[in-house]
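Worksheet: the structure to be examined is printed underneath.
The values are calculated or read from the model by the stated rules, or taken from the named source; none is laboratory data. Owing to the predicted nature of the structure, the values given are computational and were not obtained by experimental measurement. Here Cβ is always computed from backbone atoms with ideal geometry, including for glycine, and neighbour counts include all displayed protein chains. Remember, those area values only see protein heavy atoms, side chains included, never the ligands or the DNA or RNA. Shrake-Rupley method; radii C 1.70, N 1.55, O 1.52, S 1.80 Å.
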Amino acid sequence: MPDMRTSKIPVSEQDPKVRARNFKEVSLGYTAEEAMAEAERCLNCKHRPCMTGCPVGVRIPEFIEKVREGLFEEAYDIIRSTNSLPAVCGRVCPQENQCEGKCVRGIKGEPVGIGRLERFCADYMADKEHTVAAAQPNGHKVAVIGAGPSGLTAAGDLAKLGYDVTVFEAFHTAGGVLSYGIPEFRLPKQIVKREVAGLEKAGVKIMTDMVIGKVLSVDELMEQGFEAVFIGSGAGLPRFMGIPGENLIGVYSANEYLTRINLMKAYKDSYSTPIMRSSSVAVVGGGNVAMDAARSAMRLGAEKVYVVYRRSMDELPARKEEVHHAVEEGIEFLTLTNPTAVIGDDDGKVIGMDCVKMQLGEPDESGRRRPVVIEGSDHRLDCDTVIMALGTSPNPMLRAATPGLEVNKRGCFIVDEASQTTKQGVFAGGDAVTGAATVILAMGAGKKAAAEIDRYIKAQQ
Amino acid sequence: MFRIVKKKNLNASVVLMELEAPYIAAKAEAGQFVIVRAVEEGERIPFTIADYDRNRGTVTIIFQVIGGSTMELAALEEGGSVLDLVGPLGIATEYGDVKNVAVVGGGVGCAIAYPQAKKLFGMGVGVDLIAGFRNKDIVILEDEMKAASNDLFVCTDDGSYGTKGFVTNKLEELITSGRNYDLVIAIGPVMMMKFICDITKKYGIKTIVSLSPIMIDGTGMCGCCRVTVDGRTRYACVEGPDFDGHLVDFDELLRRNSAYKQQEKDHICRLTGGVR
């Protein structure tokens, strides 16, 4: 008989006051007892609605059943059979819109904590020897461009099918946004490393420091014997507002700010990359990246951190949990506020940001109510740092260097139903195709592309 | 890991390093740059490629030991290796159809001006090379520069070697004495490039400058290297590092390059055991 309590077993978290000043993980995760108790809440529905919400098709009721029985390694194997990065997904997936959003228990009360259980299984296995039998090589080579969520997933799935897979990564560390973007306190880099090492054990080769489009072209990869190429180059190009003062000292793109912290570890004294130790920070934007930047600024010691967003709290695109955590940590939300200029002193350093107040008018094409400027509402926000978290678009570098590869108006690669781009044998997926989205959607795209590449290569024979 | 095939001190503070990187060497062109991360804790530092050897599979960087990170790099020895080397990044210099070019280098910038002169000279273009240094002790690459130009003019600020004075004076003198340049390439400190551009603007000579703003990824991802060119924000890493010098906002670049001055001082103190 399932446990019919209406709320999830709570998960312990670092105290907000303490964690707001350190980079350690916020959520401490379930203990074995807590995980087994939470697993009792699963109804093990025959029609498995949760699974329809999972882009990588994790067999959720099956793994939860194993958790309930305390068979954690078996639970992990079930997850791992369709998901190459379980420790990551358990932490950063927007489960409320996916598996948990479809959970029957969510109708009256809280859904089963699927994300927490997934994380528990992955963490349980972290310090245990877990060998994945390398697949029988099938003699075919596939190149993957970009070691982010989509590329790693595609690589993992292809390796499982016996392909000889090489992933080319531009940075010195694999992981893509998992390494440079998502902060340590949400996703410890040790975990990313471990997941990547797991893929390498399964036979995936990773070459870092390789900017495809510069050091090698897609055509050269194909000449080298790669029969198919998967592009998972993400959406790394930052956007600015185009307002005066954006080139002042102290204005960052969220990408720059987070890369300095996460990839270059600027928050650690022993690392050389500098970052400004600001006292008052304005983060412009309302998505998950804005929350990451704001919470990072707080951890770097800022006294005041504002999230400046032109719509209201109800429209914030960030995950509810992230907003909740940010509020707990003392981040102030200045909603219905839009910057008009960044103001600097004589040395070119930021001293404030001019803003106007907004009100919500008629819904726009996105269905959200369009923010309209309130006349005469000009005011200045005192701050010494401004972080623009306005979204990103795909980097044009690879497209420019690759004849035959076409993109749409937004710079995203055009692909057909089989994930193939306008260039034969070249597939793409993730943010490079959709524009900035989520880790799990990118993973879903990598998974689909891997299956399509397998079909394509087999059809060539 | 990328092996240091050769390391040589060109003067008391300028170091040449030849690094084994066959993939990069195969593609590198004059004007492009690489990013080096010497050690795990190190920064990603951009260096314009000073030379490459496709047969040996090497690229050469020449740098001045100016801050903590270049100190860390300079501490590595021949036979050792740097952790990461990425490139070739940026767009290779586009000269256009030119007959007579003045290449102007300032200080360690000569290390980058030199391959430009070499390339043009090799193409049969007339090349005058003006190389400026503070004093005699820090003159580098003199023989190499001489071999890559019709005329080499070495200037020192204090007159201890070559002509006394700044490269700007020498350039203007050559222009007014009747030398016809259809292009000037200026590579060196921001102030030098700014003043060179003031002169060439006056005489209506197209001028290419090679900018080195602060960078992290070097692939257009962070936007840290943004410079204002002709009133528009451009990313030096992917749209440069060369720009039309007459359109660059040098004052902004100078300010942006000083963003981490204090942190840099702290960094050096940390490395040298000074008190923070």
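Being assigned to a helix (DSSP H, G or I) and surrounded by fewer than 19 Cβ atoms within 10 Å (Cβ to Cβ) is true of A:Arg455.
Only residues that are over 23 Å from the mean Cα position of the chain (by Cα), open to solvent by less than 30 Å² (accessible area, probe 1.4 Å) and among the small types (Gly, Ala, Ser): list them for segment A:325-343, please. Residue satisfying the conditions is A:Ala341 alone.
For segment B:208-246, the set of residues classified as over 19 Å from the mean Cα position of the chain (by Cα) and either at the interface with chain A (Cβ under 9 Å from one of its Cβ atoms) or not in a strand (DSSP E or B) (or both) consists of B:Gly220, B:Met221, B:Cys222, B:Gly223, B:Thr228, B:Asp230, B:Gly231, B:Thr233, listed by residue number. Checked against the criteria, A:Thr131 does not count as farther than 30 Å from A:Thr6 by Cα, modelled with pLDDT of 95 or more and among the polar types (S, T, N, Q). Screening A:Asp431 with (1) modelled with pLDDT of 95 or more; (2) away from chain B (no Cβ under 14 Å) gives one miss only, at (2).
None of A:Leu441, A:Leu360 is closer than 26 Å to A:Leu85 by Cα and open to solvent by 20 Å² or more (accessible area, probe 1.4 Å) except A:Leu441. How many residues, within segment B:79-106, are under 27 Å from B:Glu264 (Cβ atoms), surrounded by fewer than 24 Cβ atoms within 10 Å (Cβ to Cβ) and more than 14 Å from chain A (Cβ to nearest Cβ)? Selection size over segment B:79-106: 1. Go through segment A:386-427 and give me each residue that's of a type in the set (Val, Ile, Thr), touching a Leu at 6+ places or on another chain (Cβ under 7 Å) and buried (at least 22 other Cβ atoms within 10 Å of the Cβ). A:Thr392, A:Thr421, A:Val426, listed by residue number.
Considering (1) away from chain B (no Cβ under 14 Å); (2) in contact with a helix residue (DSSP H, G or I) (Cβ under 7 Å, 6 or more places away or on another chain); (3) buried (at least 17 other Cβ atoms within 10 Å of the Cβ); (4) over 23 Å from A:Ala437 (Cβ atoms), the lone condition that A:Thr273 does not fulfil carries the number (1). Determine whether segment B:48-58 contains at least one residue that is open to solvent by less than 10 Å² (accessible area, probe 1.4 Å), among the hydroxyl-bearing types (Ser, Thr, Tyr), over 17 Å from B:Ile187 (Cα atoms) and assigned to a strand (DSSP E or B). Within segment B:48-58, one or more residues are open to solvent by less than 10 Å² (accessible area, probe 1.4 Å), among the hydroxyl-bearing types (Ser, Thr, Tyr), over 17 Å from B:Ile187 (Cα atoms) and assigned to a strand (DSSP E or B). Residues considered: A:Cys42, A:Cys50, A:Cys89. Of these, the only one that is over 30 Å from A:Tyr180 (Cβ atoms) and not in a loop (DSSP other than H, G, I, E, B) is A:Cys50. A:Val386 meets all of the listed conditions (1) modelled with pLDDT of 95 or more; (2) under 26 Å from A:Gly234 (Cα atoms); (3) outside any strand (DSSP E or B); (4) out of contact with any helix residue (DSSP H, G or I) (no Cβ under 6 Å at 6 or more places or on another chain) but one, namely (3). Reported count of residues in segment A:250-292, each being small (Gly, Ala, Ser) and more than 22 Å from A:Gly348 (Cβ to Cβ), is 6.
Quick check on my filter: what residues within segment B:247-261 are more than 9 Å from chain A (Cβ to nearest Cβ) and either in contact with a strand residue (DSSP E or B) (Cβ under 6 Å, 6 or more places away or on another chain) or farther than 20 Å from B:Val104 by Cα (or both)? Selection gives B:Leu247, B:Val248, B:Leu253, B:Asn257, B:Lys261. Summed over segment B:120-148, the residues that are open to solvent by 40 Å² or more (accessible area, probe 1.4 Å) and either within 10 Å of B:Val103 (Cβ to Cβ) or acidic (Asp, Glu) (or both) give a count of 5. Of the residues contained in segment A:202-215, one or more are found to be facing another protein chain (nearest Cβ under 8 Å), open to solvent by 20 Å² or more (accessible area, probe 1.4 Å) and in contact (Cβ under 8 Å) with a residue 12 or more places away in the chain.
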